[in-house]
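Report on the structure given below.
Derivation of every value follows stated rules applied to the coordinates shown; laboratory data play no part. Because the structure is a prediction, the values reported are computed rather than measured. Here the Cβ is made from the backbone with ideal geometry for all residues, glycine too, and neighbour counts use every protein chain on show.
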Amino acid sequence: MDLPGLLAEHAPGAPAGLGGCRNSGSPYPCCDHDVYIFDGAGPDNIAVHGKETATIHHCSIKEADSCSLARYVGLDIISDPEWELQTMLVNIGERKNAIYSDCMRNSLVNSLFCTARSKDGPGPFAACWVKCAAVYLADAIMLYHGIRPSPAHMLQDFHGIKGGRTGSLFSIVSECLGMERATPVLLNRMSKSAAGFSDLAEGNGRSSIILQRRGTSQRPRF
C-alpha cells in the first residue's frame, strides 16, 4: 500500500505510523492495514486508496490509556515532522512491561465483567457475553507473555507458548471461540454475518474490509 500517498490524502503533515500485523514481519493476506494518525480528529474510519483499504485510527500524541499504548508498541513511523511520535515511542518502549501489565489487568477485569453479564440470565446475548469474556482472557494471556494481541495470529501465538497454567487456559479459550475448528469454508460463511453486524453496530464501512479479506484467511500449520 502507498502509505505516504494515503496520508497525503487523509492527514497531510500529521504524525502517523503503521501498526498491527502489517509491521510484524509475517502478515497474512487477511491482515488489515492499521494506520495510526496522531491528529486527535475523532473516531476511526475506513479509507480506500487505490485498490486497497485501510483502517485509520485517529489517536492522541498525549494518550495515557495503557491498552491504547500497547497497540503502539513496535509502530513503524510513516510521518513525524516534529519528532513527536519518535519521542512517544521511545517512552513507550521504556515502559513496555508496565504498559502490558496494566493492560493485562484491564483485560482480566473486562473478562470478569463479561462473565458476570453472561450469568444474568439465559437471554439471547448470554453466549455472546461468554465469547467476549474469552476474547478478553486471550488478550490477557498474550500480554502476560509479552505478546501484542492479534486476532489473526492468536492461534499461532498460543501454540508458541509452552506449558504451565497457560496451556489449560488456552484450551478453555480455544474451545469457547472454536479456534481449532475454523476452516476456510466456515470463515468465509461467518464473514458475511460479521459484515452485517459491523454495518448494524458501527456503520463506518468496516464491513468492506471484512468482505475484502473473505476467503484469504489462513490457519497456521504445525
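State the extension gain, in nm to one decimal, for the chain segment bounded by Glu94 and Lys62, taking 0.36 nm per residue of separation less the distance between their alpha-carbons.
9.9 nm
Listed highest first by mean packing, meaning other Cβ atoms within 10 Å per residue, what order do 104-111, 90-97 come in?
Per-residue mean Cβ counts within 10 Å order the peptides as 104-111, 90-97.
Find which of Leu69, Leu3, Ile37 sits farthest along the positive direction of the dipole of the range 3-87, computed with +1 on the beta-carbon of Lys and Arg, -1 on that of Asp and Glu, about the Cα centre.
Among Leu69, Leu3, Ile37, the one farthest towards the positive end of the dipole of the range 3-87 is Leu3.
Among the aspartates and glutamates, which fall within straight-line cross-link reach of Lys192, defined as a Cα-Cα distance under 16 Å, with same-chain neighbours fewer than 8 residues apart omitted?
Glu202
To make sure I understand the rule: partners must be lysines, Cα under 17 Å from the Cα of Lys131, and not fewer than 8 residues away in the same chain. Which ones qualify?
List returned: Lys119.
Which aspartates and glutamates, if any, have their Cα less than 12 Å from the Cα of Lys62, not counting same-chain residues under 8 positions apart?
Counting by Cα, and skipping residues close in sequence, Lys62 has these aspartates and glutamates nearby: Asp39, Glu84.
Computed over the Cα atoms, what is the radius of gyration of the range 3-87 divided by 2.2 N^0.38 Å, N being its residue count?
1.03
Please work out how much length the chain gains when fully extended from Arg105 to Lys51, using 0.36 nm per residue of separation minus the C-alpha to C-alpha distance, in nm with one decimal.
Length gained, Arg105 through Lys51: 15.5 nm.
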